[in-house]
Structures are given as structure tokens and as C-alpha cells.
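The values are calculated or read from the model by the stated rules, or taken from the named source; none is laboratory data. These figures come from a predicted structure and were not determined experimentally. Don't worry about glycine lacking a Cβ; one is built from the backbone with ideal geometry, like all the others, and counts go over all protein chains shown. For the accessible areas, the whole protein counts, side chains as well, though only heavy atoms, and no ligand, DNA or RNA atoms are used. Shrake-Rupley method; radii C 1.70, N 1.55, O 1.52, S 1.80 Å.
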Amino acid sequence: EMSNWTEESLSEALGGVLLKRDIDGLDEDLVSYIAGSLSTQIEEGQSCEEVLADTLSQFLESLDISDDEKGCLMKDAEAAISAVESDNVANDSTAPKKLKQGIVNMSSSLNDQTDKESNEILWGSGEKVKANANAQIDAYNDKTSAKDRRKQRQELEKSRRDLAKMEQAEENVTKAGVSSMLIPTAKGKERDVLLHNVSVSLDNGTVLLDGVNLKFAYKRRYAIIGENGAGKTTLLQHLASWKFPDFPTHLRVLHVRQELSTESEETTCLQAVLEADVEVQALQQEEKRLLALLEQQDETSTGSEKASAIKDRQTWIEETKGTDDNFNRDVERLKEVYERLQLLSADTAKSRASMILSGLQFTPEMQMAPLKSLSGGWRMRVALAAALLIEPDLLMLDEPTNHLDLEAVIWLERYLQGYAHTLLIVSHDRGFLNEVCSDTIEFKNKKLNYWKGNFDMYVKQRNEKQKNEARLYEAYKTKRDHMMEFIEKFRANAKRASIVQSRIKTVEKMDAEAPEPVVIEPLWRFSIPSSAPLSRPIISINDVYFDYSPKASDGSNKSESQFLLQKVNFGVDLDSRIAILGANGQGKTTLLNIVMGLITPVKGTAIVNGGLRIGHFTQQHVDSFSLGLSAVENLLNKFEGAEEQTIRSFLGKFQIQGIDAIKPMSLLSGGQKSRVAFAALAFKKPHVLIIDEGSNHLSMDAADALVEAVKDFKGGVMVVSHDQHFVSNTCNELWVVSEGKAARFNGTFDEYKKQTADATNKRVEESVKRMAQINN
């Protein structure tokens, strides 16, 4: 028996074995989780070998280590557990001991029993019998709960293995950058994509699409919508890699999702964008090779060196004739290369790349900076710029607005509205989809449903269709119920037998042609309770100056005119609904951090009511949790003094219940993690909500739930977001942070968008001119 073992002793024993080796993915939290799982099984009486085979070996299988190393770890773990087991047995005070007395004659005791005692034993009314019965019941209940625990543990193990597979698949996708576009292998003029009976499955056999038709009309802009995990991204990946039979391989197809892949981190942003078009790069390399061959065969052919534009080079080729077949064949191929380069607008690539980068908020200095100087979000912008420059026949964008500020989103909307080819967009930003898309594809129940119009039009048409279908179904039910009532009433009436039989046949025919019952999925919503009102002032920012480096490089004090924030005056009340707008890097998040007291102004005052509770929600909301702990454990750690049952009940309101509430959060889906974050926000009962890009990475349904919760919240709200739908539905006051100043915008959100678009266009023109001067 090993029932005396504690989770702590198991964790210590296993930690000494597993953590002494530096294995990626194996840490103290995981060892503690393994120890807890082992302890549960040991309490159920399983043997050491059985325990290790059932639990530890499965964890080792998910690690990226060799089979030999797994075997060594298993042996070391067995030895460590055996050593602790020996210590437990040696020190166990409850181990069997030798009898101190001699043999006891039991028969004399039995003979002395009274009739009353015999009757108690016979009828089960004695205390000893009751105790024995209760013990048996407890043993049965323990056995039942042990089965439940074993089932829960198996579910956890399955979830963990599935998560490991998903992470591996994600890692494989990440390795492929935007420059991995396949070069067309065929010739053709058809630009529409029409594929019949298409199915998509994951490696584990999960079917995502089953026998659907793919229809993408040329120059249409499609929004692809659906639940997280439905398979939208997988569909785009299959299209980008030509995995479907009969896919038109003469089309240039590109899926933008990850950061740009480059051979050198020293590559400038501008050069990385230019080099991303693998077809143009291949054609230019072939041009150099053919020119070298031709000039070797005809030393007098030097016109190409003077011809810079592709048209001039084509003219030179037309005038170049020879008698050698190889020479003429090379000339013809070079002519084809120049025709293709001209079709791809290779001559204007540099100016177009500069224009696109400028629109995505890259200054001329940033365009000439090496990629290694950029953060992940800015690298994603480089990948997006490269895709827009390549201008493929089928461009697929996966959450393109996630790393953009509102100014860049507005520019991208205008740019994509004039995109010359076919566009597929997966996005949770309904405002962006409304501005850009001409059609909507609903990914649901392994099928694709096609709708004309943008997202709002899709919602309107879908709701109208559901209403019509519900009316048809209700009419069918009413008529059927009326006929069935007649049938039941006169079934035994001989005079009406013929009428009854006629009605029965009518009902059977109706049932055969009956419309499907309409199932309208309930919308999940949550609320954020507020605390008791506070007296003013709530938040007051007075003449605040701030900069992260208030001193210049020579040690002298910076001029206040160079500070990130300069003379900011700002206030928040319990009825405020404020959106903080402005380009990235202007100080929006810095202003929020001053309000929350995370940083101190260099000059000026930030006055915050001493009783104020702030609820802070960001796009990195998951980072505030320890993913090795469960949702219940995380919230207990966040809110000292809270009762576990209270936390469990509260999480239940957010559909985090049962096994989901107690398993490590690393095993929860992205949507479930967001709901835990919503629960933590609501449990705090804040006076003021501060939301910094909070709708990023949320599914559309989750973002809608957050919008409704913020709208109904009885307290102050401050929002930084590029999500136009979120801002326009939660805020009634706009503040713009730009060039060190924070000022209220006196106009509507649409007026701000127009003003921003005009300013961006002017800045792009100036930036392109500056880049032309730098390049010359």
C-alpha cells in the first residue's frame, strides 16, 4: 500500500528526477500536476508500475525527446518512487504489528451473547452492524468517486494531448512566412475559383468541411465567418498550398497569417517587402542568367546594360536576332520573362512598396531600418505590406487588423476597397468587414453558406430567413396538430372512417415534406456588476507631463516640448464613456497607465479617488493567469478571502463548469480562457472599466458579449481600440492623443475616420517623395 504518500512527497521525488534535465516544456507546475494525478491513482490502490504506465509515460510521450531518454526518465522515476515507498513503509506507524497477547478463545464470548444481541445481529439493528453497513456504503461511494476521478483524469490527459498536437501544428504554420507563395505552374486565363465536392479534415480525422462547393468569383471580396475552431484558417491553408484537386494552379495565391520569413535579420523593411514576391525574384534571376548567356554569344549586344526600364529592354530584345537556335531560344525566353515582369509591374515595385508601408504607419526611417529592430506586431505589418505589393490573384488575410492601430485600419480599408483581384478575409472586426467585403461566407456545421453583402447585410438576411423558416414550421405544426386532433377524435367512428383515412394520408404526406425545425442558438451574455457610487473627483489628470526618458543622451534634461505627453488635462467620472484614439506610439496606453497609477507623471498631478476600483481588460488578458493552474485556482489567487464554492458558482455563469473549472487553463480553448478573464473582470465589481484593445483575439460572439456588458455597465469606461464597432457602440466621447497632446475631438466617429483618412493620404504622399529622394 502507498496510501501514506502525499502529493508533496511525490512532487519532490519526481522533481529530483525530471527537473535536473533541461527539457523544453517541463517545469515545476507540470511536475506538480503530474504528482497530483499520481497521488489520486495511488490512493485508489494502483501499483507503482500501473501508475507510471497510466500517467507519467503519457506526459513523456508529449515531450520532444528521444525514446532512449524517455526510457531513462521512466527508470529513474520508478527508482525515485520506490525509494520514497521504502521510506514510507519503514516509518509507517500503522503497519501491521505482532500480537502482544496469546491466542484468544472466541467461542466463550460467543456463547455468552444474550438473546437481545442475537436479535440485533439478525435484524441489523445493532450499533456495530449499523457501523459496518455505513462503512460498506462509504466504501461504495469512495469507489464511485474514484471512477469519476479516473474519468476526469483521462479527459484531462486527452485534452492535453490534443493541445500538444494543436501547438505543434501552430508551430509548423509559424515556420512558413508570407514569402512561401507557390509560383504558378500552369497557364490559364480563368480567374474564378470553382471546386466541387470539397472536403477538409485534420490529421486526427476530424472533419471540418464535408462535400461542399467552393465558389470565389473574380474581383469579389469575401468575409469568411464562423466559430473559433470551425476550420476557417485550415481552409485558407489548404487553398494557399493547392491541396485541392483541380485547383487552378495558374493563379497566384497567398495566405497572410504569420510574420515575414527572411534569410537575414539585417534586411531592411523595404527590401524584405520587395524580396517577398518569389515569382518576381525568380524572374529577375532568370533575366540575369539569360542576359549573361546572350552577351557571351554576342559580345556586341550591350544595349541591355543601358536599358533600365522593362519596356526599353523589350525593345532591345525585339531588335536582337541571331542565326544560332540556342541564341534565338534564349531570346524568346527572355522576351517571355520581360512580358511577365511587366504584367507584375516589377518596375514600380519599390515606389508601391514604400507607399504601402507608409499607409501602414512606417516612417521613412522605419522603412530603412533592419527587421531585427521591429517588434512582432510591426513585423506582421511588413508581412501584410509584402502581400499587398505582390497583389496575388487570390489574397487571403487572416485577422489582418489584430496588430494595427485605428489609423492603419482605416487606410487598409480604403486600399482593399480598390483591390484588383479576389479577396478572402477572416476577421472578428465587423466594422472592417462591413467596409471592405462584398460577400459573406458562413462556415457552419461542416458546410459553407454564401450570402450577398457585407456582415451587417448577412445578419439582416440570416435573421429574416430564420423568421420565415420559423413561420413556415409553425404553420405546418398548427395544421398538423389540427388534423391530428380530428383523427384522434373520430378514429373509432365508422361513419367517418374514409375521412379519417384521408386525413392520415395527408398528415403522412405533410410529414414527408415537412420543413426542418428552426434552431436559433441562444446568445451568451454576461454582466459586470458595479460597486457603490463614489464622490468626486473619480479620476483627475492635471497639467501632466510624461516621458520614459526625461533626460537626453548627454545627461541634460529634455525640453518639455519633446516629452511623450505634454500638459495633459483629463478627467473621468462614473458616467464617462471615453475612447482614446491615435496612432501607435503616441501615448494612449501610457495615459491609461498614469490613470491606473502604474507610472508617475514627471510633472503635474494624477488624482484618483482612494476607494476607486478599476477593472482592467487587455488583449493580453490571458497573460495575467498562471496557465498551469485551474480557473478556480487562478481566481482564488486573485481575490483573497473568496470562497472556493463562490468562485465555482460565479464561473458557472460564464459557462466554465465541471471539469473545465478545475483543469489547468492551458487545456482550455481560447474562447474559454476569455470567459475566465470576463469572470475575473466581473468578480471585481469595478467603478471604472479600462479596456486596452480588449476585443483583440476574441471571437465575434465573445466580442459582442463584451460590447453588451460594457454598454450595460453602470460605471465609467475608458477604451483604447482599433475595433470600430466596439468603439462606436460603447463610447460617446472621443479623445485624440497626438504629438504629445491629448484633446477632445468635437465630432462624430465617422467624421474622425474621414479626417484621419485624409491626413494619412497626405502623409503617405510626403513619405513616398522622401523615400524617392533617399533611394536616388
Yes/no for Glu336 being without any contact (Cβ under 8 Å) to a residue 12 or more places away in the chain, under 22 Å from Ala759 (Cβ atoms), open to solvent by 20 Å² or more (accessible area, probe 1.4 Å) and among the charged types (D, E, K, R)
no
Can you name the number of the only condition in (1) touching a strand residue (DSSP E or B) at 6+ places or on another chain (Cβ under 9 Å); (2) open to solvent by 40 Å² or more (accessible area, probe 1.4 Å); (3) assigned to a loop (DSSP other than H, G, I, E, B) that Pro515 fails?
(1)
With the requirement that a residue be part of a loop (DSSP other than H, G, I, E, B) and either open to solvent by 50 Å² or more (accessible area, probe 1.4 Å) or touching a Phe, Trp or Tyr at 6+ places or on another chain (Cβ under 8 Å) (or both), what does the range 561-573 give you?
Phe563, Leu564
Using beta carbons and a limit of 9 Å, which pairs, at least six apart or on different chains, have the first residue in the range 561-589 and closer than 20 Å to Leu612 by Cα and the second one of a type in the set (Asp, Glu) and assigned to a loop (DSSP other than H, G, I, E, B)?
Thr589/Glu693
Number of the exception - Leu293 against (1) at pLDDT below 90; (2) in a helix (DSSP H, G or I); (3) open to solvent by less than 50 Å² (accessible area, probe 1.4 Å); (4) of a type in the set (A, V, I, L, M, F, W, C)
(3)
Tally time: how many residues in the range 615-641 are among the hydrophobic types (A, V, I, L, M, F, W, C) and open to solvent by less than 30 Å² (accessible area, probe 1.4 Å)?
5
So is Gly652 open to solvent by 40 Å² or more (accessible area, probe 1.4 Å) and without any contact (Cβ under 8 Å) to a residue 12 or more places away in the chain or not?
no
Sort out which residues of the range 348-373 are under 28 Å from the mean Cα position of the chain (by Cα), of a type in the set (A, V, I, L, M), modelled with pLDDT of 90 or more and assigned to a helix (DSSP H, G or I), and write them in order of number.
Ile356, Leu357
Determine the pairs where a residue that is within 22 Å of Gly188 (Cα to Cα) and open to solvent by 50 Å² or more (accessible area, probe 1.4 Å), located within the range 219-248, has a partner that is of a type in the set (Gly, Ala, Ser) and at pLDDT 90 or above with Cβ atoms under 9 Å apart, the partner being 6 or more residues away or on another chain.
Lys219/Ala420; Lys219/Ser438; Arg220/Ser438
Among (1) surrounded by fewer than 13 Cβ atoms within 10 Å (Cβ to Cβ); (2) modelled with pLDDT of 90 or more; (3) basic (Lys, Arg), the one test that Lys477 misses
(1)
Condition first: surrounded by 15 or more Cβ atoms within 10 Å (Cβ to Cβ) and of a type in the set (D, E, K, R). Now tell me which residues in the range 365-382 satisfy that.
Arg379, Arg381
Selection within the range 380-409 - of a type outside the set (A, V, I, L, M) and more than 21 Å from the chain's Cα centre (by Cα)
Glu391, Pro392, Asp393, Glu407
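Answer yes or no as to whether Lys558 is more than 30 Å from Arg462 (Cα to Cα), exposed (fewer than 11 other Cβ atoms within 10 Å of the Cβ) and over 40 Å from the mean Cα position of the chain (by Cα).
Here the answer is no, as Lys558 does not meet what is asked.
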Being within 16 Å of Gly597 (Cα to Cα) and not hydrophobic (A, V, I, L, M, F, W, C) is the filter here; which residues of the range 544-565 pass it?
Tyr545, Asp547, Tyr548
So Lys603, is it open to solvent by less than 30 Å² (accessible area, probe 1.4 Å) and either within 16 Å of Ile528 (Cα to Cα) or of a type in the set (D, E, K, R) (or both)
no
Name the residue that is least open to solvent (accessible area, probe 1.4 Å), counting only residues in the range 480-493 that are more than 12 Å from Val507 (Cβ to Cβ) and of a type in the set (D, E, K, R).
Arg491
If you check Ser721, Ser767, which single one turns out to be under 24 Å from Leu564 (Cα atoms), at pLDDT below 90 and touching a helix residue (DSSP H, G or I) at 6+ places or on another chain (Cβ under 7 Å)?
Ser767
Flagged pairs (Cβ under 9 angstrom, 6 or more apart or on separate chains; first in the range 692-721, free of Cβ contacts under 8 Å to residues at least 12 places away in the same chain; second assigned to a strand (DSSP E or B) and buried (at least 20 other Cβ atoms within 10 Å of the Cβ)) are none
Is the range 449-470 home to any residue that is within 30 Å of Arg503 (Cα to Cα), among the hydrophobic types (A, V, I, L, M, F, W, C), surrounded by 14 or more Cβ atoms within 10 Å (Cβ to Cβ) and touching a residue at least 24 places away in the same chain (Cβ under 8 Å)?
yes
Could you run through the range 684-710 and say how many residues are over 18 Å from Leu591 (Cβ atoms), within 24 Å of the chain's Cα centre (by Cα) and not β-branched (Val, Ile, Thr)?
14
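Counting only residues that are on the phi < 0 side of the Ramachandran plot and of a type in the set (D, E, K, R), which one in the range 439-448 is most open to solvent (accessible area, probe 1.4 Å)?
Lys447
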Looking at Phe486 and the list (1) touching a helix residue (DSSP H, G or I) at 6+ places or on another chain (Cβ under 7 Å); (2) more than 30 Å from Val568 (Cα to Cα); (3) not in a helix (DSSP H, G or I), which single condition is not satisfied?
(3)
Could you say which residue among Thr748, Thr756, Thr730 is touching a residue at least 12 places away in the same chain (Cβ under 8 Å), among the β-branched types (Val, Ile, Thr) and more than 13 Å from Ile580 (Cβ to Cβ)?
Thr756
Of the residues in the range 523-560, how many are of a type in the set (S, T, N, Q), under 22 Å from Leu591 (Cβ atoms), in contact (Cβ under 8 Å) with a residue 12 or more places away in the chain and part of a loop (DSSP other than H, G, I, E, B)?
0
